[in-house]
Amino acid sequence: AALIQALKLKGPVVIVGYSFSAPLARVFAGRFPEKTAGMYLIAPAMPELNECMPQLHTPRRHFARFVGYHLLASSLGYIRLTQRMRSWQAPASLVERRAEAVLARRSHYWAQAREWYALPKSWRQTLETRMPRSLPIEVAFPTQAPQDEILETLAKLYADLAARSSRGRLFELGNVDHSMLLKSGPVLDRLVERIKQLAQLATQ
C-alpha cells in the first residue's frame, strides 16, 4: 500500500502474484479492496494444499535448503568482493558493478530468509483472508504431464479460488516448467497481454 502511494498511482491497481508471492497478493486484496482492481495469479502457491494433503512437507521445510544455500552463497560473495574491493585501485569497472549486484542479491536473500521464517504466520493470514466476491480473480497455471495427486489437487484448488469471484477465470498454460514461466518467450507474452487486458477492464 505504501508503494502504491509512493508511486502516486491513482485509482485501484491489478495485483500480480507469481508462485510464493501469490499469498501476499491475496492478503493485500483482502486488506485493501478499495486499492485492488483485480488479481492475476501465476502458478500460485496455495496454503490450502497442506490442509488437503497434510502428509506433505511444511512450506518451511520444503524451502529450507533453497533459502539457506542462497543466503550463504550471497553472504560469502559479499565477503569475498568486499575484501577484493579494499585493494582495488582502478576506475569504475566490471568488478564494482559485480559488487553492486551481489550486494543487491544479498539483501534480497536476507528478505527471503525473513519471509521463510514467517511462513506459518503468512499462510495462516492467507487462509483467513476474505476478498470481495466482485473482485476479478484470474489464475494462470501450467498443466504438466503426467498428472499426479499433488497437481490434480492444485488444479482443484485453483478452480475453487477462481470460483470465489463472480468474475473468476482460469487459464491453462500447457506443459510449461514452473521455473520457466517468467522467461522471455510466448508464454510470458501471453501472460503480460492478459494482465494488460485486465488492467484496461479495471479502468473502464
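The values are calculated or read from the model by the stated rules, or taken from the named source; none is laboratory data. Remember, predicted model here, so these are calculated numbers, not experimental data. As a convention, Cβ positions derive from the backbone with ideal geometry for all residues, glycine included, and neighbour counts pool all protein chains shown. Accessible surface areas use protein heavy atoms only, side chains included; no ligands, DNA or RNA. Shrake-Rupley method; radii C 1.70, N 1.55, O 1.52, S 1.80 Å.
What's the extension gain from Lys121 to Met53 if we count 0.36 nm per residue and subtract their Cα-Cα distance?
So the extension gain works out to 22.6 nm.
Please check the chain for the longest run free of trypsin sites (Lys or Arg not before Pro) that are loop-located per DSSP (anything but H, G, I, E, B) and have at most 10 other Cβ atoms within 10 Å.
11-129
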Quiz item: Tell me, what is the per residue accessible area of the stretch 16-149 in Å², probe radius 1.4 Å?
Solution: 61 Å²
Exercise. Pull up the DSSP beta bridges for the chain and report the antiparallel fraction as a percent, rounded to 5.
Key: 0 percent
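Rounded to the nearest 500, what is the chain's calculated 222 nm mean residue ellipticity when only DSSP H runs of at least 4 contribute -39500 (n - 2.57) each, over all residues? Present the calculation step by step, with values, prior to reporting the outcome.
Values: 8 runs with 115 residues, N = 204.
Here the helix-only value at 222 nm equals -18500 deg cm²/dmol.
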Quiz prompt | Average accessible area per residue (Å²) across the stretch 152-204 - probe 1.4 Å, nucleic acids and ligands excluded | solution = 65 Å²
Quiz item: Roughly what angle does helix 94-117 make with the longest principal axis of the chain, taking Cα atoms, 0 to 90 degrees, to the nearest 10?
Solution: 50 degrees
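Of all accessible surface on the chain at a 1.4 Å probe, what whole percent is carbon and sulfur?
Carbon and sulfur: 57 percent of the exposed surface of the chain.
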Quiz prompt | From the C-alpha gyration tensor of the stretch 1-146, square roots of 5λ in Å | solution = 35, 22, 13
Practice problem: Under 19 Å Cα to Cα from Lys183, which aspartates and glutamates show up? Leave out anything in the same chain fewer than 8 places away. | Solution: Glu172, Glu193
Exercise. Compute the acute angle (0 to 90°) between the alpha-carbon long axis of helix 119-128 and the principal axis of greatest extent of the alpha-carbon atoms of the chain; round to the nearest 10°.
Key: 20 degrees
Exercise. Name the lysines eligible as straight-distance cross-link partners of Lys121: C-alpha to C-alpha under 26 Å, and not fewer than 8 places from it in the same chain.
Key: Lys35, Lys156
Quiz item: Out of Ile15, Ile150, Ile79, any idea which swings most in a Gaussian network model of the chain, alpha carbons joined below 10 Å?
Solution: Ile79
Quiz item: Helix 59-86 versus the longest principal axis of the chain: what is the Cα-based angle in degrees, 0 to 90, to the nearest 10?
Solution: 30 degrees
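Is the C-alpha gyration tensor of the stretch 123-204 telling us rounded, prolate or oblate? Criteria: a/c under 1.5 is rounded; beyond that, a/b larger than b/c is prolate, otherwise oblate.
In terms of gyration-tensor shape, oblate.
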